[in-house]
Amino acid sequence: MAASVDHQLLDPNHLNQIEDYSLLARVVVDGALPGIHRSLRQGRGSEFYQYRPYTRGEDLKLVDWKVFAKRDELVSKTFQESTNFSVCLVIDTSASMGYQGEASSYSKLRYAKMLAACFAYIAHRQGDRLGLFAYSDVVKEWIRPRSGSGQLNRIFSALRGLESGGSTAHKFGWEQMVSGLPGRAMIIFISDFLEAEDTLAEQLRFSLSSRYESLCLQLLDPDEIDLPNADSLRFAELEGDREVSTSPPAIREKYKIEMNEFIEDLGKKLSSVSSEFETLISNQDLGCALRRFLGMRNRK
Amino acid sequence: MIEFAQPAALWTALAIGLPVLAHMAYRRVTKKFYFPSIRFIRPSQIPRTGKRRPSDIPLLLIRIILFLITATLLADPYWKSETTPVTEGSGEEVLIALDLSPSMSGWDGLKEAKEKAAEIINSNAEKVGLLIFGRSELEKIELGKEELLKKINFLSHYWTKGNAQLMLDQVPSMFSKNVTGRKLIIISDFQKSDWQTAYSNLVESGISYKLVKVGQKNGLKGRRFNNVSVMDARAVPAGPEKIRIWSVVRNWDDVNKTVEVDLFAGGKVQSIVTASVSPLGSTQVQFVLREGDFAEALVRVKSEDEFKLDNQRHLWLKAPPARRFGFWMPEQESDETDDEKSFLKTAVASAGDNGWNRWEWNQDQADGLRLGDDQLKLEILMVLGVGKWFEEEQLGRPLKIFLKNGGVVLATPGEPFSSSVSVLRSNGLMGYNFVRVAGGATRSRNPFRIGSLDEESALAEVFAGKSARDLYLSAIHKFGILKPGPVEHDTEIPLRDREGRPLALVRNFDGGGKLVFFPFRMNTVWTDIPLRNSFLPLLMELTQGKGIESSSRAWPVLEPGEELPGNQGLFTAGKPGAYRFEDQWVEVVLSSAESSPDTFSQKELSESLGGTLKNTEIKLQDQIVLEKENDPLWMWFAIAAAILLIIEMFWSRPTQQNTSSQANSIHA
C-alpha cells in the first residue's frame, strides 16, 4: 500500500464537482490511492488489457504478429485475468438518503454514489465480477454481477440515474438479489440503516458462510449526529407523516447519546453475523471507506 | 361626518396593544424541517424570546387595523348627512294634563287640581297648553294664559271611567315640532283603578314629566279615607203585587260605619234603613214596594263622605218583558193536537222562575209570524202536527226567516207521518227520510225506551242520577223511524231509542236558530214523557237557543261611555240615571272602580313612565330623529373587518417556503 495519500483528491467536496463517475473513480483510485490496490492479474483472460515489449522466453502465442508486421517490433499482448469473485454494491435510495444538511453541499445519496463508483472501479481493476442493487420500497436497479469493462460502464450509467425517494424496505427484493449472487461474493451495503437494527442482522446472516462477505457502510449526515443548529424547529419525517416541534439545543445531548447507542447496537448485531460495519459521516473523505474495502478484498 | 351611537365602545380600540405585544414578545415557531428520522427527537418547550422591535410589520399593521375597525363597528357608526336639518328650538313647551275622571270630584281633587294648574300656568313663561283627560277622547286647549285660567275655573269632572293610557299614548304627538323642551305636568289623583295598566316611556320619547298628585285629603300611603258607596241595586218580584228592592252598600274605610240608606221614589222618600257596614265590607239593604206604584227609584246613602258621586243609584222598578212562545197548528184541531198543545203550553209556561224570568204564551205573536210579520218577538214557536196544511199555507218561508233570526222551532209530526217528513224535507228544513212508524200496529207490546245518553252531550249533564232514571223509564209507544237522506244538514241526534234510532233531531241554523223535531207526538197516545218529571228539563234543554241565552232577564245596566245598539240607533251612556231607549229601559250607573280610594305614589308611577323624573331630557328624542335621517355604516365596517380577517388568516398561515427550499436541496 502506498504511504502517501493525496487527501484533497479524496475530499468529497471536491469530488462532488465531477459529474462523470468513471472519471471520478479514476481520480480517486489512480490519483489519490496509487498502488493501494492489488495490481491487475494479467494472464490468459479473455479481456485484452495492453501491449508490452516481448521478453525472451515468453510464449510466442502472446506475440501480436500484425503489429510486428507493421512496426518490425515484437510486442506481446497481455490479457486481464478474471477472478471468480463477485462484488455486489447494494445502495439504499430511500427518501432519507436524499437528506442534505445545511452544512453539506451534497446529499447522502450522492456520497454513496461516489463511494460506489470508486468501489466499482477498484473491483473492476482487480478483475472481479461487478453487480449493483439499488432499492427503496421498490427495486430501482438490479445489475447482475458480471466482468468486463462494459459492465463497469453500465454500473456508472446506473449510478447516474439513481435518485432518492420512497420509504426504506430492506427486505424488499433482498432474496432476489442474494439468490442471484454467483459463487464467492462480497456485498457492499451502503445505507443509513435507520430503523434497521432489528432486521438487518437476520438479512445478512448469509455472511456467516465462508463464501460470502459483507461490509455495511452506514452513511449519516453531520446533522444526524449533531442535530441542526436552530432555536426551534418542527421536525417532519422524510419517510412518514410524523411531526415533532422541539428546540434542538434542549435535546441535543440526549439525542447524541441515543444515536450513539443505536450505532453501537447496530455494530454489535452485525458483527454477530460476521458482517463488517463502519459508520461514515458524509463530510468525511472517501479514504476510510476505500481502505476498509481494500483491506477486506485483499484478504481474499 | 361619521358619528357614533355608542361612543363608549371606542375604548375597546385600546386592544390594539395586544397584537403589538404579541409581535414583540413571541417568535413564531412554524418552520417545518424535513429530517431522515425523528426516532430520537423528543418534543420540548419552545423558547419564546422577546424582541425590541415587533416582527412582521405588515401583518402587525393588518391586525391593528382589524382591531380598530372592530372597535368602530362596536361603536355603531353612522354617517351624519350635512343636509340633516338641525333641530332648532323655538323654546320650551309645557303641557298640563288634567285628570277629569269622576274620582277627581271626590276628596277635593278637582278643586286642588285647578289651583295647581293655575299656579303652573302663572309661573311658566313658556308656551303652556292644557290637556284634559279622563274619558275616551282627549281635549287639547291652547289659549292664552288668561283664557286658560278662565277655562280651568269652569272645568267639571267627566262621568266616564278614567283612561290614563289614552292620554299617555297621544301626548308625544300633542307637542309642537322643533321645540327644545317638551314638558308634561300630569295633575291627577293617580287612582289605582285608572293608572294600574298605564305605561308609556315618556323619557324615551324626549318628554320630561312631572307628576302632581291631588285629592288625597290626609290619605296615608296611597290610601284615602271616608267613602261609602252603593255598589248595586236590583228589583225583583216579592210575592203577589210586591217587589223587593235590594241594594249593596260598601264601606271603603277600615273602620265600621253606620249609615242611613233610603229609597226615593215618586218624588219622596219611601223608606229609610239604617245599616252598619263592617270595615272594607258590604251589606245588603232591602226595601219592599207595591208593584206598579212606581216606575223608577233611587237608592241613596245618607253619608257625609268625601266622594259623593257613588252615593246613589237609579233603577227601574218595571218588570222586564216575559219570554214569548206560541203555536202553529192545523185549522182543524184534533184531540191529539189539543192534548199536545196543553201539555207543551203548561210545561213551557212553568219553565221560568218566581222572579222576572218568565214565559208567556202569546198566540197573537205566533199568528202574526204565520202571516209573515218577521219583526215580532217570539222565542219559541211550536209547530204541532206538521202536515199538508203547512205546505198549503206555504209556511216554510216565514219559518225559515224565524229560524235565521235566532228563533227556536219545536215540531211534531202529523198524520200521515210520511207527509210530515216529506214537508220538512221539501222545505229544506230536514234531510231525513221516513222508514216506518214503529209500534203503530198495537199498543200491547212492550214500549220503546230511551237509550243511554252520550256522556259528552249536554243532555247527559242535565240528566244525572234520579232524573236520568226517570228519563230512561219513559215509555214511547210509537214513533217514526227516520234515516239520513241524501242531503246532509248539520243535524244532531241528542236522543235515541235503545236500538239507536233517532227520538229527537236538532238542526242548528246560522243565525242562532234551532229546529227540534220529535218523531212522535207529545201526548199520551204516543208517549208518557209529558207526564214525567223529566219532560220540562228535556224540553227546555233541547229548545235552548242562542237567542234565549243572550236575552237578559233584567234591564240593561251600562256604565258611562258604554253603548247599547238598538233597532234605530245607538244609546251612549252618559250621566248615571234611568233612561228609556226604544223599547228598552236602561240603567246607567257610575263605574264602581271610581269609588276605590287607593292611589299610586309618584315614585311608583314614574317607573311606568320611563324612569326617574327629569327636567330636561330631549337628547333621546333628537337621536330618534337623527337615526331616521342618517345612514348607518355598521355594515360597511363589518365587510371591511371580514375582508381584513381573511387577509390576516392567509397571511399568517404557516408558509411552505422554508420547507420547499429544503426539499429542493434534498433532491438536488
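The values are calculated or read from the model by the stated rules, or taken from the named source; none is laboratory data. Given the structure is predicted, the values throughout are model-derived calculations rather than measurements. In this analysis, Cβ positions are derived from the backbone assuming ideal geometry, glycine residues included, and neighbour counts consider all displayed protein chains.
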Of all residues in the range A:49-74 being within 22 Å of A:Gly127 (Cβ to Cβ) and surrounded by 10 or more Cβ atoms within 10 Å (Cβ to Cβ), which is modelled with the highest pLDDT?
A:Asp64
Check B:Leu143 against each of (1) under 28 Å from the mean Cα position of the chain (by Cα); (2) part of a loop (DSSP other than H, G, I, E, B); (3) modelled with pLDDT under 85 and name the one condition it does not meet.
(1)
Among B:Ser271, B:Ser282, the single one that is surrounded by 13 or more Cβ atoms within 10 Å (Cβ to Cβ) and closer than 15 Å to B:Asp310 by Cβ is B:Ser282
I need the helices (runs of 4 or more DSSP H) fully contained in the range B:579-668, keeping only those with at least 3 residues that are at pLDDT 80 or above and not charged (D, E, K, R).
B:634-652
Pairs where the first residue, in the range B:389-418, is outside the structural domain of B:Leu538 (by TED's automatic domain parsing) and surrounded by 16 or more Cβ atoms within 10 Å (Cβ to Cβ) and the second is aliphatic (A, V, I, L, M) and at pLDDT 90 or above, C-beta under 6 Å, 6+ apart:
none
So B:Leu542, is it touching a residue at least 12 places away in the same chain (Cβ under 8 Å), closer than 14 Å to B:Leu459 by Cβ and out of contact with any Lys or Arg (no Cβ under 9 Å at 6 or more places or on another chain):
no
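Residue-wise test of (1) within 11 Å of another protein chain (Cβ to nearest Cβ); (2) among the hydrophobic types (A, V, I, L, M, F, W, C); (3) touching a strand residue (DSSP E or B) at 6+ places or on another chain (Cβ under 8 Å).
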| position | (1), (2), (3) |
| --- | --- |
| A:Pro182 | no, no, yes |
| A:Ile187 | no, yes, yes |
| A:Glu195 | yes, no, no |
| A:Leu204 | no, yes, yes |
| A:Leu215 | no, yes, yes |
| A:Asn229 | no, no, no |
| A:Ala236 | yes, yes, yes |
| A:Gly240 | yes, no, no |
Based on this model, can you work out whether B:Asp338 counts as among the acidic types (Asp, Glu), buried (at least 18 other Cβ atoms within 10 Å of the Cβ) and over 19 Å from B:Leu403 (Cβ atoms)?
no
If you scan the range B:277-309, which residues turn out to be touching a strand residue (DSSP E or B) at 6+ places or on another chain (Cβ under 7 Å) and over 23 Å from B:Leu590 (Cα atoms)?
B:Val288, B:Leu289, B:Arg290, B:Glu291
Regarding A:Ser275, is this residue touching a helix residue (DSSP H, G or I) at 6+ places or on another chain (Cβ under 8 Å), in contact (Cβ under 8 Å) with a residue 40 or more places away in the chain, buried (at least 17 other Cβ atoms within 10 Å of the Cβ) and within 12 Å of another protein chain (Cβ to nearest Cβ)?
no
If we ask which residues in the range B:407-436 are in a helix (DSSP H, G or I) and within 24 Å of B:Asp338 (Cβ to Cβ), their number turns out to be 7
Regarding the range A:247-260, can at least one residue be identified that is in the same structural domain as A:Val29 (by TED's automatic domain parsing) and outside any helix (DSSP H, G or I)?
yes
Test result for A:Glu258, facing another protein chain (nearest Cβ under 7 Å), surrounded by fewer than 17 Cβ atoms within 10 Å (Cβ to Cβ) and modelled with pLDDT of 90 or more
yes
Extreme residue, surrounded by the fewest Cβ atoms within 10 Å (Cβ to Cβ), among residues of the range B:169-219 that are among the basic types (Lys, Arg) and assigned to a loop (DSSP other than H, G, I, E, B)
B:Lys177
It is to be established whether one or more residues within the range B:437-452 are within 19 Å of B:Met540 (Cβ to Cβ), free of Cβ contacts under 8 Å to residues at least 40 places away in the same chain and surrounded by 14 or more Cβ atoms within 10 Å (Cβ to Cβ).
no
How many residues, within the range B:324-351, are among the hydroxyl-bearing types (Ser, Thr, Tyr) and over 13 Å from B:Met382 (Cβ atoms)?
2
Apart from one, (1) under 45 Å from the mean Cα position of the chain (by Cα); (2) at pLDDT below 90 all hold for B:Leu399; the odd one out is (2)
Taking the range B:222-252 and the residues there that are part of a loop (DSSP other than H, G, I, E, B) and touching a residue at least 40 places away in the same chain (Cβ under 8 Å), the one that is surrounded by the fewest Cβ atoms within 10 Å (Cβ to Cβ) would be B:Glu241
